[in-house]
Structures are given as C-alpha cells and as structure tokens.
Amino acid sequence: MFQAKGQAAAEFLMNYAWAVLIVLILLGTLAYTGVFTPDNSLPEYCKGPNDIDCISKASITGNTISFIVKNNRLYTMNIHDSDHSSPLKIDSSDCLLQSSVIECPSSDTSGMADQCPADKKENARITISCSSQIKPGRFKAEITVPYHNIDTGLEHQAVYVINAKAP
C-alpha cells in the first residue's frame, strides 16, 4: 500500500518536473533581461494640483530638474523660487537643493528676481539645481512650490510628485 503511494508520487514528479524546470528557466531568463526591474516598468510622471498641473513629465539632465506647470486658476499668482522668504523645497534623497529658477515666458519679471507672475492659463518653467549630479536610474522627488494669490494676498503651496528616469 505504501509502495503504491510512493510510486504514484515518483511518477508525478517524473512527469511534471520538466514543466517546473521550464518555468524556472523562463523566469530566470526574464529576470536576467530586466523584465522584473522596477526602473523599466514604473512610469515617468509629474503630478500636482489639478488647477496648477504639470504639462508633461520632468526632464532631468546632470544636476538639474525641469518641469512646466500651467496656471489653470482664475487668478494671477506669483510663483516663488528658493531665494524667496517662503522658499521652494525639494524632498529627495538624490537632490540637495542648491538653487531654483522660475521662468514665465510672457511676463515682465524686472524687479522680481525671486518670483514669477503667472497669469491665468499661462505656463511657468521651474528649474531646480541640485548640489551634485543626480545618479542615473530612477529619480523620485516631492517638490513644494510656494505661490502668492495676487487678488487676495494669501500665500499657498503646491506640492508636485516627480517620478522620472535620470540618464
């Protein structure tokens, strides 16, 4: 009786062991080619508030991070950079903030070195310089951008989460 059970187990292993072996070889091949590497499968994105949203994913080159936001609010706002009294902040293990520049293409920023007046429906480019080169691979950061509502005089913050691939 015990011999029949042992024989059945041995036959099962002999018949189906090749299938298990093929699956293991297939998984090993996929792992070797990088299919299971998160850097290859995670999407690149820039997420922020709906009314001051990112236009596209962030661009990372050397020690700089650049992304473009669009003011979809019903008022003009001043976006502040790192030199302002309520500065732009970045939370990332790969980037220590050195400086930042805010560019508004159609606005006159003379006399306002640390801010950018973004009119309604206008884009603003935010460029952040890190104190050292950004390591190649997956880059993730949370960037807090302060802005000032021109109509009410109130200060606010917009938080952007950036997930990108550094070259």
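Every number here is computed from the coordinates shown, using simple stated rules; none is lab data. Please read all numbers here as calculations on a predicted model, not as lab measurements. A quick note on method: Cβ atoms are made from the backbone with ideal geometry, for glycine too, and the neighbour counts reach across all protein chains shown.
A straight chain from Lys121 to Ile22 at 0.36 nm per residue would run longer than the Cα-Cα distance by 30.0 nm. Our coupling estimate for the stretch 6-23, obtained by passing each phi through the Karplus curve with A = 6.51, B = -1.76, C = 1.60 and θ = phi - 60°, is x, 5, 5, 5, 5, 5, 4, 5, 5, 6, 10, 5, 5, 5, 5, 4, 5, 5 Hz, Gly and Pro reported as x. Here Rg and Dmax of the Cα atoms in Å was computed from the coordinates, and among (1) 14.8, 42; (2) 26.0, 95; (3) 15.8, 47 the match is (2).
Within 10 Å, at most 13 other Cβ atoms, and a DSSP state outside H, G, I, E, B define an exposed site. Report the longest part of the chain free of exposed chymotrypsin sites (Phe, Trp or Tyr not before Pro). Please list the in-between numbers first.
Details: sites that count: Phe36, Tyr75.
In the chain, the maximal stretch lacking such sites is 76-167.
Using Cβ point charges alone (K and R +1, D and E -1), the dipole size of the stretch 43-166 about the Cα centre works out to roughly 560 debye. Distances between placed amide hydrogens fall under 5 Å for Arg73 paired with Lys121, all partners being 5 or more residues away or on another chain. Between Asn15, Asn149, Asn78, the residue with the greatest mean-square fluctuation in the GNM of the chain (Cα pairs under 10 Å linked by springs) is Asn15. The label point for Asn72 and the one for Asn149, both projected 7 Å from the Cα toward the Cβ, are 1.8 nm apart. Relative contact order for the chain: 25 percent, from Cα pairs under 8 Å spaced at least 6 residues apart, divided by residue count.
Computed over the chain with a Gaussian network model linking Cα atoms closer than 10 Å, the most mobile of Ala31, Ala118, Ala58 is Ala31.
The simple Förster model, with R0 at 41 Å and r as the Cβ-Cβ distance, assigns Phe12 and Phe36 a FRET efficiency of 0.85. The modelled label-to-label distance for the pair Lys47/Lys165, using points 7 Å beyond Cα in the direction of Cβ, is 2.0 nm. Between His156 and Ser59, the modelled label-to-label distance comes to 2.7 nm, taking each label 7 Å out from Cα in the direction of the beta carbon.
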